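Peer 1: Just passing along the structure, written as structure tokens.
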Amino acid sequence: MDVYEAVKSRRAVRRFTDRDIPKEVLERVLSAAAWSPSGSNLQPWNTYVVTGAALAELKKRAGKRVAAHGPWDEREYEMYPPELKSPYRERRSAFGHERYSALGIADGDWEAAQRAASANWDCFGAPAALFCYIDRDLGVPQWADVGMYLQTIMLLLRGEGLHSCTQMAWSVYRKTVAEILNPPKGLILFCGMSIGYEDVREPYMRTGRAPLNETVTFVDSTSQRLAQTARDDLLLDV
Ligand SMILES: Cc1cc2nc3c(=O)[nH]c(=O)nc-3n(C[C@H](O)[C@H](O)[C@H](O)COP(=O)(O)O)c2cc1C
């Protein structure tokens with residue numbers, strides 16, 4: 001699959017069929033994803049791939065917690081700042097509208113949205129999930145490395161005809177995940193990722209993106225944004 005096609009066809013899929021994924025496919029994807037870049041090649045990702053009875057047990061335990069409406073595990077990192085400022089606040093509410101209106105849930109119907117969101121802890125029906133941990137002693141640049149690694153996995157999955165959904169939602173049930181995976185104490189669970197074949201019957205609305213000029217600034221010799229001194233330097237260089 002062409003790289004552009006992989007990037008554009010990747011989206012957060014939230015309903016999977018129960019078709020199993022051959023282990024060789026997951027091994028191929030994760031072996032290739034290991035070539036992701038990271039600062040000084042630290043490779044700060046620690047990945048657990050969960051399928052079969054282990055995943056069924058995890059879903060069962062998480063499902064019990066969802067049904068009990070008990071408290072979430074205390075956070076090891078903040079998913080978002082408590083006060084999201086503009087333009088992030090508006091983008092987040094646009095996402096909420098796209099995500100839930102496709103399911104027939106009205107804006108502001110938090111209960112229905114919460115019910116739909118609880119499918120996170122069933123991995124949206126996926127037959128495979130991965131859980132990505134990072135060493136708690138590592139810093140912001142290493143978290144960014146992990147993000148690149150996860151995106152590489154998602155694109156490779158597209159190349160295999162598979163889809164995925166990255167899920168920070170699992171961080172609020174991190175203790176349940178730890179019961180199954182038993183990770184070393186020094187690791188923080190960043191996120192889960194559900195993996196599988198898309199169930200195309202699930203309605204969805206493609207999430208939009210900000211126009212290019214909102215997030216990208218091209219700076220060249222004609223740009224208004226180029227400081228006069230820098231522009232003079234450039235002209236001297238010619
Ligand atoms: C780090 C990360 C965590 C995410 N966590 C969740 C999650 O817990 N549950 C969920 O349904 N989607 C989750 N998503 C998916 C985002 O909502 C989605 O990527 C975003 O809205 C853009 O839509 P798209 O991926 O379909 O293009 C997450 C995505 C990322 C990158």
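Peer 1: Between GLU83 and VAL219, what is the FRET efficiency for a Förster distance of 30 Å, r being their Cβ-Cβ separation, to the nearest 0.05?
Peer 2: For R0 = 30 Å, the calculated efficiency reads 0.45.
Peer 1: R0 = 22 Å: FRET efficiency of MET148 with VAL3, Cβ-based, nearest 0.05?
Peer 2: 0.90
Peer 1: Using alpha carbons only, how many angstrom separate the centre of the stretch 19-42 from the centre of the stretch 88-134?
Peer 2: Centre-to-centre distance over Cα atoms comes out at 26 Å.
Peer 1: Still on this structure, please answer the following. Of the trypsin sites (Lys or Arg not before Pro) in the stretch 53-143, which ones lie in a loop per DSSP and count no more than 12 other C-beta atoms within 10 Å?
Peer 2: Answer in residue order: ARG75, LYS85, ARG136.
Peer 1: Just flag the GluC sites (Glu not before Pro) in the stretch 32-93 sitting in loop per DSSP whose Cβ has no more than 16 other Cβ atoms within 10 Å.
Peer 2: GLU74, GLU76, GLU78, GLU83
Peer 1: Mind giving me the nanometre distance, one decimal, between the label points for ARG28 and ARG75, set 7 Å out from Cα along Cα→Cβ?
Peer 2: Distance between label points: 3.9 nm.
Peer 1: So what's the angle, to the nearest 10 degrees on a 0 to 90 scale, between helix 23-33 and the longest Cα principal axis of the chain?
Peer 2: The helix 23-33 is inclined about 20 degrees to the chain.
Peer 1: Enumerate the whole-percent occupancy of each 5 Å bin, from 0 to the last occupied one, for all C-alpha pair distances of the stretch 3-211.
Peer 2: Going out from 0 Å in 5 Å bins, the stretch 3-211 shows 1, 7, 14, 18, 21, 19, 14, 6, 1, 0 percent.
Peer 1: How far is helix 88-101 tilted off the main Cα axis of the chain, in degrees rounded to 10, range 0 to 90?
Peer 2: The two axes meet at around 40 degrees.
Peer 1: If you don't mind, another one. Name the shape class, rounded, prolate or oblate, that the alpha-carbon gyration tensor gives for the stretch 9-69, where a ≥ b ≥ c are the square roots of its eigenvalues, rounded holds for a/c under 1.5, and otherwise prolate holds if a/b is larger than b/c and oblate otherwise.
Peer 2: prolate
Peer 1: Measure nothing fancy, just the Cα-based angle from helix 140-159's long axis to the longest principal axis of the chain, in degrees from 0 to 90, nearest 10.
Peer 2: 70
Peer 1: At 7 Å along Cα-to-Cβ for each site, give me the label-to-label distance between ALA178 and ARG206 in nm.
Peer 2: So the label points at ALA178 and ARG206 sit 4.1 nm apart.
Peer 1: Further question: Give a quick list of trypsin sites (Lys or Arg not before Pro) in the stretch 151-207 that DSSP marks as loop, anything other than H, G, I, E or B, with at most 10 other Cβ atoms within 10 Å.
Peer 2: Hits after loop and neighbour filter: LYS185, ARG201, ARG206.
Peer 1: What nm distance separates the two modelled labels at ALA53 and ASP20, each placed 7 Å from Cα along Cα→Cβ?
Peer 2: 1.3
Peer 1: For the chain, what is the calculated [θ] at 222 nm in deg cm²/dmol (nearest 500), taking -39500 (n - 2.57) for each run of four or more DSSP H residues and dividing by its residue count?
Peer 2: On the way: 9 runs with 99 residues, N = 238.
Result for the chain, helices only: -12500 deg cm²/dmol.
Peer 1: Order these by the 10 Å Cβ neighbour count, fewest first: MET1, MET193, MET79.
Peer 2: Ranked by crowding around the Cβ, least crowded first: MET79, MET1, MET193.
Peer 1: If you don't mind, another one. Step through the residues of the stretch 70-87 one at a time and calculate ³J(HN,Hα) from phi using the Karplus curve (6.51 cos²θ - 1.76 cosθ + 1.60, θ = phi - 60°), rounding each to whole Hz and writing x for Gly and Pro.
Peer 2: Values per residue, Gly and Pro as x: x, x, 6, 5, 5, 6, 9, 7, 7, 5, 9, x, x, 10, 6, 8, 5, x Hz.
Peer 1: Okay, next question. When the distances between all Cα atoms of the stretch 1-104 are binned every 5 Å from zero, what whole-number percent does each bin get?
Peer 2: 2, 7, 8, 13, 18, 20, 19, 10, 3, 0
Peer 1: Would you mind getting the Kirkwood hydrodynamic radius of the stretch 135-219 from its Cα pairs, rounded to one decimal in Å?
Peer 2: With all distinct Cα pairs of the stretch 135-219 included, I get 15.8 Å.
Only the coordinates and a few stated rules stand behind these numbers; no lab work does. Every value quoted in this text rests on a predicted model; they were computed, and no experiment measured them. Here Cβ is always computed from backbone atoms with ideal geometry, including for glycine, and neighbour counts include all displayed protein chains.
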